[in-house]
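Reviewing the structure listed below.
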């Protein structure tokens with residue numbers, strides 16, 4: 001490669017006036033600040049206040065449309081005054097984000113009808129009911145963890161741990177979305193890294209929902225569904241949340257896209273999402289005690305899910321395993337990409 | 001904030017790396033290889049103003065600057081250049097604008113004017 005551009009030749013900086021006399025200029029002193037930076041900050045704080053007000057008065061937005069609207073409003077605030085190119089990339093990102101969630105919702109139909117493999121043959125819908133329960137019993141020496149926790153702790157009145165379990169459960173609808181939105185605003189590179197891992201675990205989970213539709217414990221014990229593997233479990237995941245005056249907010253739209261798949265127990269996305277967030281931020285956390293503390297969150301989530309009768313223990317463990325797998329895969333890919341690019345540079349200069 | 005620190009490869013540095021006949025080529029290549037090693041270890045990110053990189057290589061990543069990300073210049077950056085105190089040299093000014101907007105603290109350059117700013121300038125040998 002050659003160049004005809006006028007490249008300045010080296011001038012010893014120590015010969016320049018002011019060198020070593022503390023006369024360095026800040027970039028801000030010569031370059032005007034981004035006019036919209038403060039506007040963006042103010043809008044994002046305003047959004048935060050409105051979101052918290054909405055949470056208190058109307059409830060926590062949990063259906064897909066309400067969540068999408070709140071994310072879109074946040075992004076409008078966070079991207080005001082950015083370049084058209086940045087907006088273009090944001091639109092592509094949003095398209096990917098929407099396709100990812102729509103694909104997730106579509107698995108419900110596939111799980112209900114069985115799976116056609118390239119039109120050649122059909123994998124019939126085979127509900128997992130006793131298999132998952134048996135795995136849990138094997139893990140806990142013949143006990144049903146859901147039943148043991150509810151028999152020991154569930155009371156008519158709401159206790160402090162109900163509030164903890166219920167609030168932990170509800171974070172599922174907010175935490176990963178908040179992380180995505182914040183990463184979107186502060187570092188597109190980190191957003192891409194997070195989304196690669198997130199969409200991979202979501203895709204793996206969807207595949208398992210279709211191949212291994214699994215009945216959750218509350219359904220497996222309900223007389224309404226006829227399985228009744230053991231004594232009926234209480235099912236009211238939101239009661240602790242309501243006890244402290246909060247509610248879930250569902251929009252009144254006719255189509256909410258929230259066609260929750262009742263047989264999507266294995267793997268537990270609650271557990272996966274509760275692990276992906278702390279696992280992603282772990283490299284930025286220095287103190288070991290704090291690393292251990294944030295990793296308690298997924299443990300708390302799985303315990304809550306089992307106590308609330310929403311999931312089997314094995315659902316959570318598989319959820320963690322696919323999260324770990326997504327991290328392993330993308331860490332490897334990113335390392336290879338860096339190595340490949342670095343080698344190209346070295347080879348070009350050798 | 002969450003990304004590794006960015007090192008901006010300034011125009012003079014890019015040309016020195018790319019042109020084997022350049023007077024500073026050896027120093028630039030040695031420094032660049034050192035930066036690439038740091039990039040591979042995820043200690044830094046390598047960036048360059050997209051117009052400066054575009055003078056030398058295409059959009060693909062199959063060249064000597066494969067590890068370098070582009071800082072895309074928009075109209076608002078050109079407006080900032082016109083309002084800056086160094087507007088008389090647009091190429092120099094755009095580098096300062098992009099460094100300020102992207103919180104760059106280290107610049108790889110052979111242009112001595114960058115020593116006037118609160119920036120770490122490499123190659124380090126230049127100030128020995």
Using alpha-carbon coordinates, inclination of helix A:84-113 to the longest axis of chain A, degrees: 20 degrees
Residue A:94-residue A:140 FRET efficiency (beta carbon distance; Förster radius 41 Å; 0.05 resolution): 0.40
Calculated P(r) tail over 34 Å for chain A, as whole % of Cα pairs: 40 percent
Calculated [θ] (222 nm, deg cm²/dmol) that DSSP helices of n ≥ 4 give over the protein assembly as shown, each run adding -39,500 (n - 2.57): -17500 deg cm²/dmol
Paramagnetic reach from residue A:239 (point 7 Å along Cα→Cβ, amide N under 19 Å) across segment A:288-305: A:303-305
Peptide-level mean, for B:17-25, of C-beta atoms on other protein chains within 10 Å: 4
Using alpha-carbon coordinates, inclination of helix B:90-101 to the longest axis of chain B, degrees: 90 degrees
Antiparallel DSSP beta bridges within the protein assembly as shown, percent to nearest 5: 15 percent
For chain A: relative contact order, % (alpha-carbon pairs under 8 angstrom, 6 or more apart): 23 percent
Acute angle (nearest 10 degrees) that the helix A:160-171 long axis makes with the longest principal axis of chain A, alpha-carbon atoms: 60 degrees
Between segment A:35-74 and segment A:260-274, the Cα center-to-center distance that results, in Å: 26 Å
Once the Cα gyration tensor of segment B:8-71 is diagonalised, semi-axes √(5λ) in Å: 17, 15, 10
Neighbouring partner chain Cβ atoms per residue of B:64-75, average, 10 Å criterion: 4
log₁₀ of I(q)/I(0) at q = 0.17, 0.18 Å⁻¹ - segment B:6-127, Debye sum with one point per alpha carbon: -0.84, -0.94
Highest-first arrangement of A:153-161, A:183-191, where packing means the average Cβ count within 10 Å: A:183-191, A:153-161
Gyration tensor (alpha-carbon) shape descriptor, segment A:77-223, a/c threshold 1.5: oblate
Segment A:252-350 - Debye-derived log10 I(q)/I(0), Cα point model, q = 0.19 Å⁻¹: -0.96
Cα centroid separation, segment A:136-207 to segment A:321-345 (Å): 26 Å
Segment B:49-116: Cα Rg divided by the 2.2 N^0.38 Å rule of thumb: 1.15
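Quick note: the coordinates plus some simple rules give every number you see, no bench work behind them. Remember, predicted model here, so these are calculated numbers, not experimental data. Positions of Cβ are backbone-derived with ideal geometry, glycine not excepted, and every protein chain shown enters the neighbour counts.
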